[in-house]
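Engineer: A single structure is presented below for examination.
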């Protein structure tokens, strides 16, 4: 259902774009904002007044504000319709104790990577649900891996204090500032959650609101395939 929602959004973007644009290079008066679709900023997808536009790989993209246009120009791949499955990118992180961490440590397992930050309210609100998933399936070959994008000298202290208070016992690591994992994943905003199968392929993702029920179904199916 999650994949259908994502593909449906992408289809709408392409559909409205093709209906409104008459000639290549023309800017329509209204169009669906490519960035808002990815960030789920609206309850209803509908064309908006075009305030900015951009081109990427020969295609035109339209935005409801110059802010959205700048976000797109900063990392167009982050706002493209996702491709599933696709390989998880190589990345490195640091444990709260300063050790090295990477997704290779969980080879052969189902991994749910969650990019979050202590200053992100939606991130913190969904973490109890992630903990429930981890607790339910950790002994079956599943792990939640939290990647904090907090920065600064007190970042580790803040993260450690938060996870201890919330009784989070799934692994939480710190993103490396000079080679951030979020850049490798092309994360447009947090929370951003990626489900990785046993073969190291990203098979689903959620930007913003996390669909716990959909993720649970996918996780159970993946773990059932392992048993069978």
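The values are calculated or read from the model by the stated rules, or taken from the named source; none is laboratory data. What you see is a predicted model, and the numbers here were worked out from it, not measured in a lab. Every residue, glycine as well, gets a Cβ built from its backbone with ideal geometry; the counts of neighbours run over all protein chains shown.
A quick yes/no check of all residues on (1) in contact with a strand residue (DSSP E or B) (Cβ under 8 Å, 6 or more places away or on another chain); (2) buried (at least 18 other Cβ atoms within 10 Å of the Cβ); (3) over 22 Å from residue 80 (Cβ atoms):
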site: 153; (1), (2), (3): no, no, yes
site: 158; (1), (2), (3): no, no, yes
site: 163; (1), (2), (3): yes, yes, yes
site: 187; (1), (2), (3): yes, yes, no
site: 207; (1), (2), (3): yes, yes, no
site: 210; (1), (2), (3): yes, yes, no
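Engineer: Now, a different point. What number of residues within the range 22-44 are assigned to a loop (DSSP other than H, G, I, E, B), under 13 Å from residue 65 (Cβ atoms), out of contact with any strand residue (DSSP E or B) (no Cβ under 6 Å at 6 or more places or on another chain) and modelled with pLDDT of 90 or more?
Structural biologist: Of the residues in the range 22-44, 0 are assigned to a loop (DSSP other than H, G, I, E, B), under 13 Å from residue 65 (Cβ atoms), out of contact with any strand residue (DSSP E or B) (no Cβ under 6 Å at 6 or more places or on another chain) and modelled with pLDDT of 90 or more.
Engineer: I'd like the full set of residues that are touching a helix residue (DSSP H, G or I) at 6+ places or on another chain (Cβ under 9 Å) and without any contact (Cβ under 8 Å) to a residue 40 or more places away in the chain, limited to the range 62-75.
Structural biologist: Hits for the range 62-75 are 63, 64, 65, 67, 68, 69, 72.
Engineer: Considering only the range 68-87, how many residues are within 17 Å of residue 180 (Cβ to Cβ) and within 13 Å of the chain's Cα centre (by Cα)?
Structural biologist: Summing the residues that are within 17 Å of residue 180 (Cβ to Cβ) and within 13 Å of the chain's Cα centre (by Cα) in the range 68-87 gives 2.
Engineer: From 70, 139, grab the single residue that is part of a helix (DSSP H, G or I), surrounded by fewer than 17 Cβ atoms within 10 Å (Cβ to Cβ) and not assigned by TED's automatic domain parsing to the domain that holds residue 175.
Structural biologist: Only one candidate qualifies: 70.
Engineer: Exactly one condition in (1) within 21 Å of the chain's Cα centre (by Cα); (2) surrounded by 13 or more Cβ atoms within 10 Å (Cβ to Cβ); (3) not in a loop (DSSP other than H, G, I, E, B) is not met by residue 125; state its number.
Structural biologist: Only one criterion is unmet by residue 125, namely (2).
Engineer: Considering only residues that are assigned to a loop (DSSP other than H, G, I, E, B), over 17 Å from the mean Cα position of the chain (by Cα) and free of Cβ contacts under 8 Å to residues at least 60 places away in the same chain, which ones fall in the range 88-118?
Structural biologist: Residues satisfying the conditions are 97, 98, 99, 102.
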